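Data first, discussion second: the structure below is written as structure tokens.
The values are calculated or read from the model by the stated rules, or taken from the named source; none is laboratory data. If you're wondering where the values come from, they're calculated on a predicted model, not measured in any experiment. Here the Cβ is made from the backbone with ideal geometry for all residues, glycine too, and neighbour counts use every protein chain on show. Just so you know, the surface numbers come from the protein's heavy atoms only, side chains and all, with ligands and any DNA or RNA stripped out. Shrake-Rupley method; radii C 1.70, N 1.55, O 1.52, S 1.80 Å.
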Amino acid sequence: MAVVTAGSIAFDHIMVFRDYFANHILPDKVHVLNVSFLVDGLERRRGGTGANIAYNLALLGERPVLLGTAGHDFSEYREWLERHGVDTSHVRVLDEYTAAAFIITDLADNQITGFYPGAMGRAAVLSLRDVAAPIDYVVISPNAPDAMVKYAQEARELGVRHVFDPGQTIPAFSAQEILDAAAGAAMVVGNDYEFELIRAKTGKGPEDLLELASTVVVTRGEHGSAVLTREGTVEVPVAPPAAVVDPTGAGDAYRAGLLAGLLRGLDLPRAARMGALAAAYAVERHGTQEHHYTFEEFEARYRRAFGEPLPAAARPQ
């Protein structure tokens, strides 16, 4: 059975602002906002939500299928993903540039991002029906909005469990599109800010979304995460990172760890702990695909972080 990550493939241009955005944005002048941040360095790294989730799943022993569109500058990136265990045979290369994100992070881990969609903007040319192997889960993460709506509809038609992860694309959706994509989902996942955006747009908070989806997962950074089902809510602690170097990509790593746990039959609380630990590895390095570990290292750290062994079923087959 295939695990498909249907999301963006991008290059991240990462910058760090050694101050706080709040010190330089005047609330009573936002209607004439004109501000410049002097940043430390510029790093171009591999990213994109679909590719990040796939990379983290591969670290955990899966062979995920990446479904997405990239540009003529993708060849080296493709080699990197394949070398680390990601199936890129369903990435379509188009005659334009791969999507690019420009991310500035301040000392409070707030982020301001500019995003050029490039080839990603045509992701709707692809279909879940293009994947020949039976699909176990499809993660529908930030991508071209029309593609995300299409994949959710196809997942329902094909009887495939889908995870709806709208993230940064929430402002681009209508209220009805969000509700339609969440309908029938195995899981809706996002951070607390993203769920407030959904509430503002649709009038539905995380608890209300359980009318549409089986599970809702709310991540809250250093305050852990909450797993909501119709039976109740489980609070999940963080796995303490050695250092918070760069929060970019932590959410993608969390989703991969959570999904890997579910694929191997773990209950939601333990699968979410796998997500928390995967996220801890991500924040300890600059970039979204620069962390590495063996599964044996992951197991040992899980025991240290949560005071219990990782169930044997979680080991890759």
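Normalised per residue, the accessible area of the chain is 44 Å², obtained with a 1.4 Å probe and no contribution from ligands, DNA or RNA.
Specify the residue with the greatest mean-square fluctuation among ALA123, ALA133, ALA280, computed from a Gaussian network of the chain linking alpha-carbon atoms under 10 Å apart. Looking only at ALA123, ALA133, ALA280, the largest GNM fluctuation is found for ALA133. Springs between Cα atoms under 10 Å define the GNM used for the chain, and in it the highest mean-square fluctuation of GLY261, GLY275, GLY121 occurs at GLY121. Think of each Lys and Arg Cβ as +1 and each Asp and Glu Cβ as -1; about the Cα centre, that makes the dipole of the chain roughly 400 debye. Once you've got the GNM for the chain with C-alpha springs shorter than 10 Å, pick whichever of MET148, MET15, MET274 has the biggest mean-square fluctuation. In this elastic network of the chain, the residue with the biggest mean-square fluctuation among MET148, MET15, MET274 is MET15.
Using only alpha-carbon positions in the chain, the gyration tensor eigenvalues give semi-axes of 26, 23, 22 Å once each is multiplied by 5 and square-rooted (largest first). What full-extension length gain, to one decimal in nm, is calculated for ARG18 and PHE102 as 0.36 nm per residue of separation minus the Cα-Cα distance? Gain on stretching ARG18 to PHE102: 28.6 nm. I want to check the label-to-label distance for THR233 and HIS31. Put each point 7 Å from Cα in the C-beta direction and report it in nm to one decimal. According to this spin-label approximation, the distance is 3.7 nm.
Here ALA200 and TRP80 are evaluated by their C-beta separation; at R0 = 45 Å the FRET efficiency comes out at 0.75. Taking 7 Å steps out from each Cα toward its Cβ at ARG129 and ALA175 produces label points 3.3 nm apart. Dipole check for region 28-124: with +1 at the C-beta of Lys and Arg, -1 at the C-beta of Asp and Glu, and the Cα centre as origin, the magnitude is about 200 Debye.
Summing Lys and Arg as +1 and Asp and Glu as -1 over all other residues whose Cβ lies under 15 Å from the Cβ of LEU126 gives a net charge of 0.
Surface composition of region 1-41: carbon and sulfur atoms hold 56% of the protein heavy-atom accessible area at a 1.4 Å probe. Its alpha carbons give region 74-168 an Rg and a Dmax of 15.2, 45 Å.
Between ARG304 and LEU42, the simple spin-label model (points 7 angstrom out along Cα→Cβ) gives 3.8 nm. Legend: translational diffusion of region 11-84 by Stokes-Einstein, Rh = Kirkwood radius over C-alpha pairs, 10 °C, 1.306 mPa s; D = 102 µm²/s.
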